[in-house]
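What follows is a set of notes on a single structure, which appears directly below.
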């Protein structure tokens, strides 16, 4: 999902979740918090977006970098 539907910004990552229901987005945030201890919130825009906070970026990189395609590594760079 981060290789495709995400965008890096100053305060972390946005995961674009327009194809998910609100219940599914809440469940995904709960999974990211409980299973991976990531600091995530839901941006209450017209189309909700999951915000992975800057405080969790190093942890996120640790979990996902082994699975990233070489052409997508730019999304993980500072």
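The values are calculated or read from the model by the stated rules, or taken from the named source; none is laboratory data. Computed from a predicted structure; not experimentally measured. For neighbour counting, all protein chains shown are included, and Cβ atoms are generated from backbone atoms with ideal geometry for every residue, glycine included.
Being part of a loop (DSSP other than H, G, I, E, B), surrounded by 11 or more Cβ atoms within 10 Å (Cβ to Cβ) and at pLDDT below 75 is the filter here, so list the residues in region 2-23 that pass it.
Once the filter is applied, which keeps residues that are part of a loop (DSSP other than H, G, I, E, B), surrounded by 11 or more Cβ atoms within 10 Å (Cβ to Cβ) and at pLDDT below 75, region 2-23 yields 2, 3, 5, 11.
Quick check, is residue 38 on the phi < 0 side of the Ramachandran plot, modelled with pLDDT of 90 or more and outside any helix (DSSP H, G or I)?
Numbers: on the phi < 0 side of the Ramachandran plot: yes; modelled with pLDDT of 90 or more: yes; outside any helix (DSSP H, G or I): yes.
When the stated conditions are applied, residue 38 passes them.
Of the residues 32, 27, which is in a helix (DSSP H, G or I) and crowded, with 17+ Cβ neighbours inside 10 Å?
Working: 27 fails: crowded, with 17+ Cβ neighbours inside 10 Å.
Criteria check complete, one pass: 32.
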